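Each remark here refers to the structure printed beneath this line.
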Amino acid sequence: MTQFIIKGPNLLSGEISVSGAKNAALKILPAAILADSPSTITNVPQITDIDHIIKLLESIGTKTEVSNNTVTIDPTNVTSSHPDEKLVKKLRGSIVLMGPLLAKFGRAVFSQPGGCLIGARPIDDHLDVFRQLGVDIQYKDDCYIMSGKPKPGKVVLKAMSVTATENAIMASVLSDGVTTIHIAAAEPEIADLANYLNKMGANIKGAGTHDIVVTGVKSLKGSKYEILPDRIEAGTYLLAALTTNSEVTVGPMIPEHLELVLKKLTDAGAKFEEISRNGRRYLRTIKHNGLTAQDIDTRPYPGFPTDLQSPYAVLMTQAKGDTHIFETIFEGRFRYLEELILMRAKADILNPRTFIIHGPNRLVGTEISSRDLRGGVALILAGLIANGTTIIDQAEYIDRGYERIDEKLRAIGVNIERVETKL
Ligand code: EPU
């Protein structure tokens, strides 16, 4: 087990770097198997979710080479359409290999994907997308057996699911005609995936909007591609800086990808300065004079991202007033609140989707446990401002999505230590 031990309170200063986006890299690496030649992907975050997806790709015959943040993927020997079942169960993101396998082989065999326990995470929308593309799906011996090359046509998503949109795109890029995808999710990571596929020779228009048109092409050629900055990691570090009322430069990042988050924070009393350097953009937080509560409800992009709900709630423990938080995406994303309450946060859970934070009040360090990635990182933010020592158990969840977070935070003045225990 990994533990983070934080001694607080902390004042941060300096600059913290933002890695490549987890939720773009997790799709772009599997998309590389659609080509006939190797791709080199740069700015890939060094996180355990990426280690898993690479192992999963290797389980179907992909050759990969990893050198720091660069991953070279050679798909020329991919022969299997049945990825390792144990790995599929470890990572919900493994679901995005279904689309590429169907496009490449007209067949994919998958067990039920696992991942962070943040509530019911069904895959019915993915299956529905594939059925609309003419794929036959049988469920046998705990596995989905999918067969048939995706046919061009019209796909309507039931909900704006991010990964189902990505699967619809990847399943269609090599088909024989035009596929239109409606009520698509519009997250920037989807546009990043489409940019990479287009660089390889695909013809995708409208990614990043709710209507996408994919004109099938005969083949794709491997390419070099740089992953976009992680908007959720950038948002997390901005929230860390504001929670501790510190002046920190965060980047590179694309501020427009956090437009509503920045609006809410500005309304609460936060101040930012934008800095441009060598063609990259950064935001610097400026010391504030106290924050006031601002309610949020999480929504698909460009709404307030569910992945920042928990660190935002920690910030609101330091704001004046009551903050109502309505989680519309995932029902199970409040598990960190029990731990925050152990740290003396004042919160009332009204129902599985709504809670209130009463602020401001001083948090106190204690031993707590991370239950999932984003809940875990919220506990780090709580540890930054708490009086005394905060011990976060099961911190390996945080390593799934944040590259070297302890090192990055130490470099801006945080008293944080990583401890590996046998248990
Ligand atoms: N949903 C269904 N059926 C499905 C798929 C989704 O009902 O078949 C529902 C979900 O239960 C949820 C909603 O649709 O209520 C939206 O889920 P979505 O499918 O958009 O989520 P996802 O694609 O599984 C991605 C990110 C998540 C992020 C969400 C929302 C990846 C690998 N994961 O998940 O990231 O929270 O979109 O933006 O891209 C994280 O990084 O911590 C994380 C969980």
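The values are calculated or read from the model by the stated rules, or taken from the named source; none is laboratory data. The model shown is predicted, which means the values in this text are computed figures rather than measured ones. Positions of Cβ are backbone-derived with ideal geometry, glycine not excepted, and every protein chain shown enters the neighbour counts.
Please go through the stretch 370-392 and pick out each residue that is buried (at least 20 other Cβ atoms within 10 Å of the Cβ) and either out of contact with any Phe, Trp or Tyr (no Cβ under 9 Å at 6 or more places or on another chain) or in the same structural domain as Leu91 (by TED's automatic domain parsing) (or both). Leu381, Leu384, Ile385, Ala386 - these are the residues of the stretch 370-392 that are buried (at least 20 other Cβ atoms within 10 Å of the Cβ) and either out of contact with any Phe, Trp or Tyr (no Cβ under 9 Å at 6 or more places or on another chain) or in the same structural domain as Leu91 (by TED's automatic domain parsing) (or both).
If a residue must be outside any strand (DSSP E or B) and surrounded by 18 or more Cβ atoms within 10 Å (Cβ to Cβ), how many such residues does the stretch 343-354 contain? Residues in the stretch 343-354 being outside any strand (DSSP E or B) and surrounded by 18 or more Cβ atoms within 10 Å (Cβ to Cβ): 3 in total.
Cβ-Cβ contacts under 8 Å between residues 6 or more apart (or on different chains), taken from a first residue in the stretch 320-334 that is in a loop (DSSP other than H, G, I, E, B) to a second residue that is among the basic types (Lys, Arg) and more than 10 Å from the ligand (Cβ to nearest atom), are listed as Thr328/Arg353; Glu331/Arg353.
Of the numbered criteria (1) within 16 Å of the ligand (Cβ to nearest atom); (2) of a type in the set (S, T, N, Q); (3) touching an Asp or Glu at 6+ places or on another chain (Cβ under 8 Å), the one Ser147 fails is (1). So, in the stretch 302-312, exactly how many residues are within 11 Å of the ligand (Cβ to nearest atom) and in a helix (DSSP H, G or I)? Residues flagged as within 11 Å of the ligand (Cβ to nearest atom) and in a helix (DSSP H, G or I) within the stretch 302-312 amount to 5. Of all residues in the stretch 20-36, exactly one satisfies the criterion of being more than 13 Å from the ligand (Cβ to nearest atom) and either within 19 Å of Met253 (Cα to Cα) or at pLDDT below 95 (or both), namely Gly20. Residues in the stretch 130-189 that are touching a strand residue (DSSP E or B) at 6+ places or on another chain (Cβ under 8 Å), buried (at least 20 other Cβ atoms within 10 Å of the Cβ) and not in a loop (DSSP other than H, G, I, E, B): Phe130, Met146, Val155, Thr165, Ala168, Ile169, Ser172, Thr179, Ile181. Close Cβ contacts (under 7 Å, 6 or more residues apart or on different chains) running from residues in the stretch 255-270 that are modelled with pLDDT of 95 or more to residues that are loosely packed, with under 12 Cβ neighbours inside 10 Å and not in a loop (DSSP other than H, G, I, E, B) comprise Pro255/Glu274. Could we say that Thr40 is more than 15 Å from the ligand (Cβ to nearest atom), touching a residue at least 40 places away in the same chain (Cβ under 8 Å) and closer than 30 Å to Ile254 by Cα here? In short, yes. No other residue among Lys89, Lys63 is touching a strand residue (DSSP E or B) at 6+ places or on another chain (Cβ under 7 Å), in the same structural domain as Leu127 (by TED's automatic domain parsing) and modelled with pLDDT under 95 apart from Lys89. Residues that are charged (D, E, K, R) and within 22 Å of the chain's Cα centre (by Cα) within the stretch 171-207 comprise Glu187, Glu189, Asp192, listed in sequence order.
Among the residues of the stretch 347-361, the ones that are within 26 Å of Asn10 (Cβ to Cβ) and at pLDDT below 95 come to 1 in all. When Leu379, Leu373, Leu384 are screened for being within 22 Å of Gly321 (Cα to Cα) and within 16 Å of the ligand (Cβ to nearest atom), only Leu379 passes.
Criterion applied to Leu315, Leu337 was being crowded, with 23+ Cβ neighbours inside 10 Å, assigned to a helix (DSSP H, G or I) and among the hydrophobic types (A, V, I, L, M, F, W, C), and the one residue passing it is Leu315.
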